[in-house]
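A.B. asks: Could you have a look at this structure, given as structure tokens, before my questions?
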Amino acid sequence: MPRVLGKFFSNLGVLGWTALVLLPFFFIMLFGTKPTSQIYANPLGVIYSPAWSNFSNAWNAGAGDSTMGVWFINTFLLVGTALVVSLGVAVPAAYFTIFLPPKANRRVMVTVLAGTVVPAILLVIPFFKAYNQFGMLNKPIAAGVAYGVLAIPTTFLLMNRFFVDFPREILEAGLLDGLSNLRIFRRLVLPLSVGQIVSVGILTLIWAWGDSQIAIVLLQSQESQPISVGMLSFAGDFTTDLGTTFAGLSIAAIPPVILYIILSKYVTKGIALGGISK
Amino acid sequence: MTSLKEVQSKESQHPKQGRVFRSKKKKIGLDGTNIRSAKFALIPVFVLLFLFLGLPVINSIQLSFSRWGGLGPLEPVGFQNYTDLFADEQMRYSSRITVLYAFSVAIGVVAIATVLAAAVSASVRGHKIYKVIWFFPGIAPPTAVAIFWSSGFQPETGIVNTILGKIGLGGDHAWLASSETALYPVIFVGIWSAVGFAFLVILGAIEQIPISVREAATVDGANIRQQFFKITLPLIRPVMLIMLTLQIIWTFNGFTVVWAMTTGGPADSTSILPILAYKEAFRFGRFGTAAAMAVIAGIFLMIIGSIGIRLSRSEQR
């Protein structure tokens, strides 16, 4: 009997947590498509004529050059740059490091590991100071470089752990075929590492897409803001046009979730493989 | 030299193969010339990490001993910023709630994630679906989910209050409007959005426990609860400790959720250190004091981190 009871409670917990996870997304989409008057009159009702204008209102909301469309472009520029920088620099380095003698290898690892623990709070003010000095404020690509570099340590460690277990026979076969080291890396190693690169890249993407701590400092002008910062103009004001606010939340929150559903295999694998680090 | 050692060790395993490689000097080639490539590939890593991590940390420390308003040269003031901060009531309050916030979220996250991982690994149906769904809150932009929740916690109109009202628990809780209670919804959202990641990590650890161990326990007649407390929990404790440490650090640093929910208010009652430092620098233009706050936070985080790593190491032994 206790066994049945335990099963019951664990199932209840699992279902309860699933509901708690999904309901906010449900309500964001429900309210996003609902006329504002209906949200106040009957928030839980699911029968209503959809107000698609909420979405166009949200998309065009904001002043002048600072609309959701602009935020999206800025976020794409920022995240794209971050991915190019972090993967472009860290992946080759992580691969070639496996050939270093143990002592040098350990030194590299310790240095990179130290890079994962520097708290962002220590970085934002010097970042602002330096970016300001070099006229790089309010440039999404320049901010993306900072995000990319901050993602290098994690990318490096996760990729390195993958390359250490890479079958040496394949590398040796390439060498016997007379390929140079660089060609072995490009023609043999990279194509076989796509899965891992995608996994690690998604972790960077999620973080750079959502973070506002660095962007709020480096991208202060309205027309340079990414979604994570621009969305803040929706915060705190829940008295006027709730439908538009929630349509805006849907536009911001749903694309990453859909991308994640498509690529979830890689994400869960990436976390299970490299486990803990951000 | 290592390459040679490797060849020799390989030789002992596969005598013939090893000799072939050595005679052609191919194996040595694989490691030898790659060392040069490794040096080349590592140069940008170290240059960038120095520019974007090393220098800023040095810069922060330097700033913390100066007065700077955002323009012009730094004016050295010695320990002034630090002594000011230690005497400051808001700084003491913020430090306290930052620790409270970080520890509550981290403990909540690890506890819930462990229970969920144990439940799922005990073969609840739809294993894979939960792995995907429970990570949604971690995927969606923190700004968006934080705004959703802060609207939900509004009295009367918020969805949380609406539902509480419907089930008879009252629909007029104005948690976010009172400095007494504003931190609780923030803690809740912090937990809600972070459980998915910790769940995946802890489930990964549970799944690494050999099936034979569990089968042996089942044969010995251990029930689910005994298995959890006597076998699963002790074996995953190192991972739980690391997760707890990291979660404390991440939450301590977490700016976005709190900022989007309360911007530190009302009356700075939810101004955790990152928010206090941000306001100090970018609202009030006191960059020196802000840098000193950041340094104090950084030292605290380093202490937490090293304790956490040491604890989880000693557990593993």
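The values are calculated or read from the model by the stated rules, or taken from the named source; none is laboratory data. Because the structure is predicted, anything quoted here is derived from the model rather than measured. Here the Cβ is made from the backbone with ideal geometry for all residues, glycine too, and neighbour counts use every protein chain on show. For accessibility, only protein heavy atoms count, side chains too; no ligands or nucleic acids. Shrake-Rupley method; radii C 1.70, N 1.55, O 1.52, S 1.80 Å.
A.B. asks: Going by the structure shown, is B:G78 outside any helix (DSSP H, G or I) and more than 7 Å from every other protein chain (Cβ to nearest Cβ)?
C.D. replies: Values: outside any helix (DSSP H, G or I): yes; more than 7 Å from every other protein chain (Cβ to nearest Cβ): yes.
Yes; evaluated as a whole, the condition is true for this residue.
A.B. asks: Look at A:L30 and say whether it is within 8 Å of chain B (Cβ to nearest Cβ) and either at pLDDT below 80 or within 23 Å of B:I167 (Cα to Cα) (or both).
C.D. replies: no
A.B. asks: Let me ask another. Just one of the numbered conditions (1) assigned to a loop (DSSP other than H, G, I, E, B); (2) within 29 Å of B:W250 (Cβ to Cβ); (3) among the hydroxyl-bearing types (S, T, Y) is not true of B:Y130; which one?
C.D. replies: Every listed condition holds for B:Y130 apart from (1).
A.B. asks: So the check is Cβ under 6 Å with 6+ separation or different chains; which pairs have a first residue in segment A:130-148 that's farther than 18 Å from A:V85 by Cα and a second one that's surrounded by fewer than 19 Cβ atoms within 10 Å (Cβ to Cβ)?
C.D. replies: Going by the 6 Å Cβ cut-off, the qualifying pairs are A:N138/A:S221.
A.B. asks: What's the total number of residues in segment B:205-232 that are in contact (Cβ under 8 Å) with a residue 12 or more places away in the chain and either of a type outside the set (V, I, T) or open to solvent by 60 Å² or more (accessible area, probe 1.4 Å) (or both)? Even if it seems obvious, please write down each step before you answer.
C.D. replies: Taking segment B:205-232 first, the residues in contact (Cβ under 8 Å) with a residue 12 or more places away in the chain are B:205-207, B:209, B:213-214, B:217, B:224, B:227-228, B:230-232.
If we keep only those that are either of a type outside the set (V, I, T) or open to solvent by 60 Å² or more (accessible area, probe 1.4 Å) (or both) as well, we get B:205, B:207, B:214, B:217, B:224, B:227-228, B:230.
Final tally of qualifying residues: 8.
A.B. asks: Still on this model: Just wondering, is there one or more residues in segment A:218-225 that are crowded, with 17+ Cβ neighbours inside 10 Å, at the interface with another protein chain (Cβ under 10 Å from one of its Cβ atoms) and in contact (Cβ under 8 Å) with a residue 40 or more places away in the chain?
C.D. replies: Taking every residue of segment A:218-225 in turn, none turns out to be crowded, with 17+ Cβ neighbours inside 10 Å, at the interface with another protein chain (Cβ under 10 Å from one of its Cβ atoms) and in contact (Cβ under 8 Å) with a residue 40 or more places away in the chain.
A.B. asks: Look at B:I147 and say whether it is at the interface with chain A (Cβ under 8 Å from one of its Cβ atoms), of a type in the set (A, V, I, L, M, F, W, C) and under 30 Å from B:P238 (Cβ atoms). I'd like the intermediate steps shown before the answer.
C.D. replies: Working: at the interface with chain A (Cβ under 8 Å from one of its Cβ atoms): yes; of a type in the set (A, V, I, L, M, F, W, C): yes; under 30 Å from B:P238 (Cβ atoms): no.
Taking the combined requirement at face value, the residue does not satisfy it.
A.B. asks: Do we have B:F153 as surrounded by 20 or more Cβ atoms within 10 Å (Cβ to Cβ), facing another protein chain (nearest Cβ under 7 Å) and among the hydrophobic types (A, V, I, L, M, F, W, C) here?
C.D. replies: On the way: surrounded by 20 or more Cβ atoms within 10 Å (Cβ to Cβ): yes; facing another protein chain (nearest Cβ under 7 Å): no; among the hydrophobic types (A, V, I, L, M, F, W, C): yes.
No.
A.B. asks: Now a separate question. Which numbered condition in (1) surrounded by 14 or more Cβ atoms within 10 Å (Cβ to Cβ); (2) at the interface with chain A (Cβ under 9 Å from one of its Cβ atoms); (3) more than 23 Å from the chain's Cα centre (by Cα) is the only one that B:L49 fails?
C.D. replies: (3)
A.B. asks: Check A:T204 against each of (1) surrounded by fewer than 22 Cβ atoms within 10 Å (Cβ to Cβ); (2) more than 9 Å from chain B (Cβ to nearest Cβ); (3) modelled with pLDDT of 85 or more and name the one condition it does not meet.
C.D. replies: If we test A:T204 against (1) surrounded by fewer than 22 Cβ atoms within 10 Å (Cβ to Cβ); (2) more than 9 Å from chain B (Cβ to nearest Cβ); (3) modelled with pLDDT of 85 or more, just (1) comes out false.
A.B. asks: Would you check if there is a residue in segment B:126-145 being of a type in the set (F, W, Y), on the phi < 0 side of the Ramachandran plot, modelled with pLDDT of 95 or more and open to solvent by less than 20 Å² (accessible area, probe 1.4 Å)?
C.D. replies: Taking segment B:126-145 first, the residues of a type in the set (F, W, Y) are B:130, B:134-136.
Keeping just the survivors that are on the phi < 0 side of the Ramachandran plot gives B:130, B:134-136.
Among the residues that remain, those that are also modelled with pLDDT of 95 or more are: none.
No - not one qualifying residue is present in segment B:126-145.
A.B. asks: Can you tell me which residue among A:I141, A:I152, A:I121 is surrounded by fewer than 19 Cβ atoms within 10 Å (Cβ to Cβ) and either among the acidic types (D, E) or under 22 Å from the mean Cα position of the chain (by Cα) (or both)? Break it down stepwise before answering.
C.D. replies: Values: A:I152 fails: surrounded by fewer than 19 Cβ atoms within 10 Å (Cβ to Cβ); A:I121 fails: surrounded by fewer than 19 Cβ atoms within 10 Å (Cβ to Cβ).
Going through A:I141, A:I152, A:I121 in turn, the sole match is A:I141.
A.B. asks: In addition: Tally up the residues in segment B:163-204 that are within 19 Å of the chain's Cα centre (by Cα) and open to solvent by 60 Å² or more (accessible area, probe 1.4 Å), please.
C.D. replies: So the count comes out to 1.
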